[in-house]
Amino acid sequence: MINDPKAFLKIARETPPRRAAEERVKDYQEIYLPQPIDKIKEQANRCMDCGVPFCHNGCPLGNLIPDFNEAVTEGKWEDAYLTLSKTNNFPEFTGRICPAPCESSCVLGINESPVTIEHIEKSIIEMAFEKGWVRPEPPTLRTGRKVAVVGSGPAGLAAAAQLNKAGHTVTVYERNDRIGGLLRYGIPDFKLEKTVVDRRLNIMEAEGIKFKTGANIGVNIDAKKLLQASDAMVLCGGSTIPRDLPIKGRSAKGIHYAMDFLEQNNKRIAGNEITDEPLSAKGKKVVVIGGGDTGADCVGTSNRHGATSVTQIELLIQPPATRDESTPWPLWPMQLRTSSSHEEGCDRQWTILTKEFLKNPDGSIKAIKTVKVDWKGQKFTEIPGTEVIIECDLVLLAIGFTNPQLEGVLSSLGVATNERNLVEDNKYQTNVEKVFVAGDMRRGQSLVVWALAEGREAAEQVETYFKKAWRG
C-alpha cells in the first residue's frame with residue numbers, strides 16, 4: 001500500500017471486531033477477532049505524520065508511533081517491529097491492556113477519531129512472533145555485576161530486560177508461585193492470555209535472566225544478605241495494599257477485595273489447587289464497588305462464573321460521553337468508557353455512596369445500604385430521601401490500592417517512605433546504597449505502560465550508578 005498523506009480524510013477509524021458477548025462469557029479466551037492485514041495497513045495509513053507528533057508525549061514509553069505506522073502502511077513489518085522494540089520491551093502486553101493515552105493525544109483526535117495505535121502495536125508484535133523475528137538475544141559480554149530485581153510485574157520485567165541487555169547478571173525474585181506479577185494474577189485471561197506472558201518469559205530466560213518464585217524478600221529470604229551479594233537491587237513490588245471500606249457491617253462474610261477474587265480465578269484457570277476459601281460468583285447477586293478497570297475486570301469475571309446479576313457502583317459523577325472541556329486535547333480525556341465486560345451485562349450506577357453492609361442471621365452479606373450524593377467541586381453531600389438497599393450475595397471491593405507492603409524488604413533494608421507510604425527516591429535511587437525503585441512502589445497505583453517506562457528508566461539509573469562507581 002502506498003502511503004497516502006490524505007488517507008485520514010478518506011478512511012474511518014475501525015477497530016477489530018469482538019466475539020459475541022454470549023459466546024465469550026463461556027470462556028477466558030481473548031475477546032477480539034483477527035483483523036485482515038489490509039485493514040491494519042489502512043488504519044496505519046490514517047496517521048497524519050504530524051510535524052509535531054503529540055502521541056510521543058501521550059505514551060509514557062515515548063514510542064515512535066508515526067515511524068512504525070508508516071512502516072506498517074508500506075508493508076515493512078520487520079522495520080515496524082525494530083522501531084517499536086527500541087522503546088517498548090513488551091508490545092504484546094501494552095497492545096492488549098493499555099488504555100492508550102497515545103490515542104488520546106493523537107492530533108487527528110482533535111476533530112476526528114484517532115488512529116488505532118494500540119491495535120497496530122499489537123499487530124506488529126504478533127507479526128514479529130509469527131515470522132520469528134522475536135528471538136533470544138543474550139548479551140555478547142557479561143560485566144560481572146549482579147543485579148537483584150524484586151518483583152516480576154511489568155516494572156520488574158522491564159528493568160530486568162534492560163539490565164540484562166547491558167550485560168549484567170540479573171535475577172528476578174517473585175514471592176508468588178509464578179512469574180508475572182500483575183500480568184499473571186491481576187489481569188483476567190480474557191484480556192491477557194497467560195500464554196502471551198509465558199512466551200515472553202521463555203525469551204527472557206533464554207537471554208540469561210534467572211527467575212526465582214516463592215521468594216519473599218525480607219520474609220523467607222534475608223534482604224540484607226541478598227543486597228550484600230548484589231551490586232544493585234531494584235525494588236518493583238508494586239502498590240499491593242488494597243483500600244478498604246471500613247463501614248458498619250464490614251465483617252460480613254462474602255465481602256472480598258477485588259484482587260483476591262481475580263488472583264484466585266487466574267490461579268484456578270492455570271490449574272492451581274485452591275486451598276483458600278473458594279471465591280465464586282456463580283448463581284450470586286454481585287455488587288462491585290468501584291468503577292475503574294479493576295472493577296470492570298470483576299464484572300467480566302463474575303459474568304463468566306455465571307452470576308445472577310452484576311451491579312457496579314461508583315462514588316464519582318458519571319463522565320460525559322465525549323471529551324469534556326475540562327480535559328482538552330492532548331490531555332487524557334474525562335469521558336465515559338464502556339469495556340467489553342460491561343457489554344456482557346452490568347448495571348452501572350454513579351454518585352452512589354455505600355453506607356452500610358447488611359448481614360443475614362448467619363453473618364453472611366445480605367445487601368448494601370446506599371445513598372445518592374451531590375458533588376460540589378471536590379466535596380459531596382448526601383441527598384436526603386435517596387437511600388436504596390441493593391441485595392447481594394457477594395461484594396467485591398475494587399476501590400484501589402494505597403501503598404506497597406511496608407513490612408518485608410522495605411523494613412528490613414530501612415528504605416525510606418513518604419507521607420503516602422510510597423518509597424522516597426532521587427531519580428529512582430532510594431536512601432539505601434545500591435537500592436533502586438520503580439513502578440507503583442514509588443508512584444502509587446498506575447498503568448502497566450507507566451510501570452514499563454519506570455522499569456526502563458530505573459535500569460538506566462542503575463547503569464549511571466555503575467559507571468560512577470567504576471570511575472571511582
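The values are calculated or read from the model by the stated rules, or taken from the named source; none is laboratory data. Worth saying up front: this structure is predicted, and the values here are computed from it rather than measured. Backbone-built Cβ (ideal geometry, glycine too); neighbour counts: all protein chains shown. Ligands, DNA and RNA are stripped out before the accessible areas are found, and what is left, the full protein with its side chains, is counted by its heavy atoms. Shrake-Rupley method; radii C 1.70, N 1.55, O 1.52, S 1.80 Å.
How about the range 1-32: which of its residues are more than 20 Å from THR116 (Cβ to Cβ) and among the aromatic types (Phe, Trp, Tyr)?
Step one: filter the range 1-32 for residues more than 20 Å from THR116 (Cβ to Cβ), giving 20-29.
Within the range 1-32, TYR28 is the sole residue that qualifies.
Condition check ((1) at pLDDT below 95; (2) surrounded by fewer than 20 Cβ atoms within 10 Å (Cβ to Cβ)) across all residues:
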position	(1), (2)
GLN35	no, yes
GLU42	no, no
CYS47	no, no
PRO53	yes, no
ASN63	no, no
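Taken over the range 2-32, residues that are open to solvent by 90 Å² or more (accessible area, probe 1.4 Å), closer than 19 Å to ASN45 by Cα and either under 32 Å from the mean Cα position of the chain (by Cα) or touching a residue at least 40 places away in the same chain (Cβ under 8 Å) (or both) amount to 2. Condition first: touching a residue at least 12 places away in the same chain (Cβ under 8 Å), at negative phi, part of a helix (DSSP H, G or I) and not hydrophobic (A, V, I, L, M, F, W, C). Can you find one or more residues in the range 412-419 that meet it? Taking every residue of the range 412-419 in turn, at least one turns out to be touching a residue at least 12 places away in the same chain (Cβ under 8 Å), at negative phi, part of a helix (DSSP H, G or I) and not hydrophobic (A, V, I, L, M, F, W, C).
Out of all the residues in the range 228-235, is one or more hydroxyl-bearing (Ser, Thr, Tyr) and closer than 19 Å to VAL170 by Cα? If you could, list the steps in order and put the result at the bottom.
Just the residues of the range 228-235 that are hydroxyl-bearing (Ser, Thr, Tyr), to begin with: 230.
Restricting the remaining residues to those that are closer than 19 Å to VAL170 by Cα gives 230.
Yes, the range 228-235 contains a residue that is hydroxyl-bearing (Ser, Thr, Tyr) and closer than 19 Å to VAL170 by Cα.
Residues in the range 198-238 that are touching a Phe, Trp or Tyr at 6+ places or on another chain (Cβ under 8 Å), among the acidic types (Asp, Glu) and either touching a residue at least 24 places away in the same chain (Cβ under 8 Å) or open to solvent by less than 20 Å² (accessible area, probe 1.4 Å) (or both): 1 in all.
For the range 386-411, which positions are part of a loop (DSSP other than H, G, I, E, B) and open to solvent by less than 20 Å² (accessible area, probe 1.4 Å)? Break it down stepwise before answering.
Restricting attention to the range 386-411, the residues satisfying the condition of being part of a loop (DSSP other than H, G, I, E, B) are 386-387, 392-393, 398-400, 404-408.
CYS392, ALA398, GLY400, PRO404, GLY408 - these are the residues of the range 386-411 that are part of a loop (DSSP other than H, G, I, E, B) and open to solvent by less than 20 Å² (accessible area, probe 1.4 Å).
Conditions tested, residue by residue: (1) in contact with a strand residue (DSSP E or B) (Cβ under 9 Å, 6 or more places away or on another chain); (2) within 30 Å of LEU358 (Cβ to Cβ).
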site	(1), (2)
ARG175	yes, no
ARG199	no, no
ASN202	no, no
GLU207	no, no
GLY214	no, no
ILE221	yes, no
LYS224	no, no
THR240	yes, yes
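State whether the residues of the range 126-144 include one that is surrounded by 17 or more Cβ atoms within 10 Å (Cβ to Cβ), part of a loop (DSSP other than H, G, I, E, B) and within 22 Å of the chain's Cα centre (by Cα). No, the range 126-144 contains no residue that is surrounded by 17 or more Cβ atoms within 10 Å (Cβ to Cβ), part of a loop (DSSP other than H, G, I, E, B) and within 22 Å of the chain's Cα centre (by Cα). Given the criteria among the small types (Gly, Ala, Ser), at pLDDT 95 or above and over 20 Å from ILE40 (Cα atoms), does GLY151 qualify? It is true that GLY151 is among the small types (Gly, Ala, Ser), at pLDDT 95 or above and over 20 Å from ILE40 (Cα atoms). Each residue in the range 433-444 was checked for being assigned to a loop (DSSP other than H, G, I, E, B) and crowded, with 18+ Cβ neighbours inside 10 Å, and 3 of them qualify.
Scan the range 74-111 residue by residue and report those that are of a type in the set (Ser, Thr, Tyr) and either open to solvent by 20 Å² or more (accessible area, probe 1.4 Å) or more than 15 Å from the chain's Cα centre (by Cα) (or both). Answer for the range 74-111, where residues must be of a type in the set (Ser, Thr, Tyr) and either open to solvent by 20 Å² or more (accessible area, probe 1.4 Å) or more than 15 Å from the chain's Cα centre (by Cα) (or both): TYR81, THR83, SER85, THR87, SER104, SER105.
Here is a yes/no grid of residues against (1) without any contact (Cβ under 8 Å) to a residue 60 or more places away in the chain; (2) under 25 Å from MET233 (Cα atoms):
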position	(1), (2)
ASN89	no, yes
GLY95	yes, no
GLU103	yes, no
ILE125	yes, no
PHE129	no, no
THR140	yes, yes
ALA148	no, yes
GLY153	no, yes
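Is one or more of the residues making up the range 314-329 closer than 27 Å to ALA155 by Cβ, buried (at least 19 other Cβ atoms within 10 Å of the Cβ) and not hydroxyl-bearing (Ser, Thr, Tyr)? Don't jump to the end; show me each part of the working.
From the range 314-329, those closer than 27 Å to ALA155 by Cβ are 327; that's our starting set.
Next, from what is left, pick out any that are buried (at least 19 other Cβ atoms within 10 Å of the Cβ): none.
Scanning the range 314-329 turns up no residue that is closer than 27 Å to ALA155 by Cβ, buried (at least 19 other Cβ atoms within 10 Å of the Cβ) and not hydroxyl-bearing (Ser, Thr, Tyr).
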